[in-house]
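The values are calculated or read from the model by the stated rules, or taken from the named source; none is laboratory data. Since the structure is predicted, the reported quantities are computational estimates derived from the model, not experimental observations. No Cβ is skipped: glycine too gets one built from the backbone with ideal geometry, and neighbour counts run over all protein chains shown. Just so you know, the surface numbers come from the protein's heavy atoms only, side chains and all, with ligands and any DNA or RNA stripped out. Shrake-Rupley method; radii C 1.70, N 1.55, O 1.52, S 1.80 Å.
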Amino acid sequence: MMTKAEYVESLRKLHFDLWMFGKKIENPVDNPVIRPSMNAFAATYELAEDPQYEDLMTVTSSLTGKKINRFTHLHQSADDLIKKVKMQRLMGQKTAACFQRCVGLDAANAVFSTTYETDEACNTKYHENFKKFWTMVQDNDYGVDGAMTDVKGDRSLSPSQQADPDLFLHVVERTADGIYVTGAKAHQTGYVNSHYVIVMPTISMREGDEDYAVSFACPTDAKGIKLILGRQSCDTRKLEEFSDIDVGNKVYGGHEVLVIFDRVFIPNDMIFLNGETQFAGMMVERFAGYHRQSYGGCKVGVGDVLIGATALAGEMAGSSKASHVKDKLIEMNHLNETLYCCGIACSSQGTKTKAGNYLIDLLLANVCKQNVTRFPYEIARLAQDLAGGIMVTQPSEADYRNPELRPYIEKYLKGVASVPTEKRMRVLRLIENMTMGTAAVGYLPESMHGAGSPQAQRIMISRQANMEMKKQLAKAIARID
């Protein structure tokens, strides 16, 4: 396994065509806007080195028998699925941010089982391709991104009906040695911190969409890939001279990238689906299920930090003993633990696939993510309620560092006498950051749209709920023939 230091150095060897704020970025590792996201990703390596977290962060590979980072593991039991959620909660607690490595893990498990069943039906060799690729990933402890979301264009049209065929990533040429692909994948979390990317279809495909039913892996810096970093609220605070307090979460963060593929060549042994439209939907549903399970861990860990910050804000303001404050903190914990219950539940009901790895209960995973689209927003609302308006109206750190202004800020932003004003400012900025700033991207909008929008989960719940069985139960109790 890689150490944290080795991981950071490995990123320096990548050569991205990366753009941000209209300028090309030559060194993303040390860029102050990007570095916090790299720190969060690096924490997945750092915690794996810590003996106290060995059981959660490491596991024995089912492919090689070697000790590996759990973020590269193919789940072999329901207990593995449960430990995944526990690991994600731990990571959320340690970083209070999106640590980005979940999507590659979820993609791997979905592609592993789907390729097995594709080969079984179509006499292809995709499963062996994937096993070879993933063995290499495990042996080197690579970070892997998962790319599913296409930009989609006109949502009323299928991929092959779009006015511009590139609005869904697709095969533009097939050769004896491989394929060339063109298109774009949006909202790519942690792409610049990853060594490889697994690309998957974004929706179920039908006849006529064969060129769009494609899955493969390639290096993240492959020739023909252009990257445009997404803009986040308050992101330029990281560039200011005084950014220690105002950034909120200074060490950790996340990033999203628009990934543009311009005739990128994919060799045959890195292809996992190539025109088999009937299996695109299976890959999409399994990946979505795994990733919706993930949110019952990562968002809960981040929620733990936000709840703690809110409790501290109350103590520093002298309001912690008020009954309504206690009740709101109870509600925040209740909502957060409900999300965790869903993540554990869908994991405990996991079943073995034909390929041998374990799949979560898809219905419960979708229920988990449906709750995640709602509860973090209420937790954030209560945090802002209890933090008070000073969270967003306090002076900047530059003002605080000014010798002429500092005495006034020290005096008039004081809460309880025993707490230094600076400490109160730091907690309030953390709450602001997690509910409105850069960290909020990985907590709130990602809770809404990550792993599919709310309607996507509702569609899956309607498919998985087995309404006919429930009607039969009612008929039996009502004694209806």
Filter the range 61-82 for residues that are open to solvent by less than 40 Å² (accessible area, probe 1.4 Å) and in a helix (DSSP H, G or I); the one that is nearest to C341 (Cα to Cα) is I82
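Which residue out of A474, A439 is surrounded by 21 or more Cβ atoms within 10 Å (Cβ to Cβ) and either in contact with a Leu (Cβ under 6 Å, 6 or more places away or on another chain) or of a type in the set (G, A, S) (or both)? Spell out the reasoning first.
Values: A474 fails: surrounded by 21 or more Cβ atoms within 10 Å (Cβ to Cβ).
So the residue among A474, A439 that is surrounded by 21 or more Cβ atoms within 10 Å (Cβ to Cβ) and either in contact with a Leu (Cβ under 6 Å, 6 or more places away or on another chain) or of a type in the set (G, A, S) (or both) is A439.
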Does the range 427-436 contain at least one residue that is in contact with a Cys (Cβ under 8 Å, 6 or more places away or on another chain), open to solvent by 20 Å² or more (accessible area, probe 1.4 Å), in contact (Cβ under 8 Å) with a residue 40 or more places away in the chain and within 30 Å of V151 (Cβ to Cβ)? yes
For the range 83-93, give me each residue that is of a type in the set (D, E, K, R) and open to solvent by 10 Å² or more (accessible area, probe 1.4 Å). K83, K86, R89
Can you report the number of residues in the range 129-150 which are open to solvent by 40 Å² or more (accessible area, probe 1.4 Å) and assigned to a strand (DSSP E or B)? 0
Quick check on the range 363-399: of everything there that is of a type in the set (D, E) and open to solvent by 50 Å² or more (accessible area, probe 1.4 Å), which residue is nearest to V284 (Cα to Cα)? E378
Cβ-Cβ distance below 9 Å, separation of 6 or more or different chains: which pairs start in the range 391-405 with a residue that is free of Cβ contacts under 8 Å to residues at least 12 places away in the same chain and end on one that is of a type in the set (D, E)? L405/D399
Take S37 and decide whether it is part of a loop (DSSP other than H, G, I, E, B), buried (at least 16 other Cβ atoms within 10 Å of the Cβ) and not charged (D, E, K, R). no
Residue within the range 216-235 that is open to solvent by less than 20 Å² (accessible area, probe 1.4 Å), under 30 Å from T353 (Cα atoms) and touching a Gly at 6+ places or on another chain (Cβ under 8 Å) present: no
Residues that are open to solvent by 20 Å² or more (accessible area, probe 1.4 Å) and either over 10 Å from T373 (Cα atoms) or free of Cβ contacts under 8 Å to residues at least 60 places away in the same chain (or both), drawn from the range 454-469: Q455, A456, R458, I459, I461, S462, R463, Q464, N466, M467, E468, M469
Within the range 275-290, how many residues turn out to be closer than 27 Å to I82 by Cβ and open to solvent by 30 Å² or more (accessible area, probe 1.4 Å)? 3
Has the range 73-80 got at least one residue that is touching a helix residue (DSSP H, G or I) at 6+ places or on another chain (Cβ under 7 Å), at pLDDT 95 or above and over 28 Å from V192 (Cβ atoms)? yes
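Among the residues of the range 42-60 satisfying the criterion of being more than 14 Å from K4 (Cα to Cα) and part of a helix (DSSP H, G or I), which is most open to solvent (accessible area, probe 1.4 Å)?
Of everything passing the filter in the range 42-60, Q52 is most open to solvent (accessible area, probe 1.4 Å).
Output the residues belonging to the range 107-128 that are outside any loop (DSSP other than H, G, I, E, B), in contact (Cβ under 8 Å) with a residue 60 or more places away in the chain and either of a type in the set (F, W, Y) or open to solvent by 30 Å² or more (accessible area, probe 1.4 Å) (or both).
From the range 107-128, those outside any loop (DSSP other than H, G, I, E, B) are 107-122, 126-128; that's our starting set.
Still in the list and also in contact (Cβ under 8 Å) with a residue 60 or more places away in the chain: 107-118, 120-122, 126-127.
Within the range 107-128, F112, Y116, E120, A121, C122, Y126 qualify.
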Return the residues of the range 331-388 that are of a type in the set (G, A, S) and either out of contact with any Lys or Arg (no Cβ under 6 Å at 6 or more places or on another chain) or modelled with pLDDT under 95 (or both); say none if nothing qualifies. G343, A345, S347, S348, G350, A355, G356, A380, A383, A387, G388
Expected output for the range 312-331 (first residue under 15 Å from A380 (Cα atoms), partner open to solvent by 50 Å² or more (accessible area, probe 1.4 Å), Cβ below 8 Å, 6+ apart or cross-chain) is K328/D385; E331/E378
Whether any residue in the range 199-209 is in contact (Cβ under 8 Å) with a residue 60 or more places away in the chain, open to solvent by 50 Å² or more (accessible area, probe 1.4 Å) and closer than 23 Å to T175 by Cα is what I want to check. yes
Just wondering, is there one or more residues in the range 346-368 that are assigned to a helix (DSSP H, G or I) and charged (D, E, K, R)? no
Residue check for A355: aliphatic (A, V, I, L, M), farther than 27 Å from F287 by Cα, buried (at least 17 other Cβ atoms within 10 Å of the Cβ) and in contact (Cβ under 8 Å) with a residue 24 or more places away in the chain: no
Taking strands (runs of 3 or more DSSP E) that fall entirely within the range 190-307, which contain at least 3 residues that are touching an Asp or Glu at 6+ places or on another chain (Cβ under 9 Å)? 196-199, 225-229, 256-267
Checking G153 against (1) in contact with a helix residue (DSSP H, G or I) (Cβ under 7 Å, 6 or more places away or on another chain); (2) under 18 Å from I198 (Cα atoms); (3) open to solvent by 10 Å² or more (accessible area, probe 1.4 Å), which single condition isn't satisfied? (2)
